[in-house]
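Only the coordinates and a few stated rules stand behind these numbers; no lab work does. These numbers come from a predicted model, not from an experiment. As a convention, Cβ positions derive from the backbone with ideal geometry for all residues, glycine included, and neighbour counts pool all protein chains shown.
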Amino acid sequence: MGGSATPDRARFLVSSVQTGGSGGSLTPLVNFYSKLPKGPTPQSNFGGLKAKFFNGKNASAAPVLATILGIFTIGYTIDYQSAYHRVRSRPRTDSHGSFYLLT
């Protein structure tokens, strides 16, 4: 059959099976296929990120640079916070060898 059945093909299959007496269960399938739109698929207005940012006269590398900058900012913030936490939580000694905590 080669993939999907067209409504005409489905009707033919139902009529050929119904002559044998067991084709009553294919009627919903025929109804489903007969309600599908016919013809080529309409073009979508959503072209994706590539069409929006990288094709046409407004093409630029701004999305790529913004993504790199965002990843760098998030990574730097996580690294800074974890290093700051390690420095703040370990005990320190003053010049005389006694311990104190940073406040």
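Sort 41-51, 73-83 for me by packing, meaning the mean count of neighbouring Cβ atoms within 10 Å per residue, highest on top. Each step should come with its number before you reach the end.
Working: 41-51: 8.1, 73-83: 10.0.
Per-residue mean Cβ counts within 10 Å order the peptides as 73-83, 41-51.
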* Calculate the spin-label point distance for Asn55 paired with Ile71, positioning each point 7 Å from the Cα along the beta-carbon direction, and give it in nanometres. => 2.5
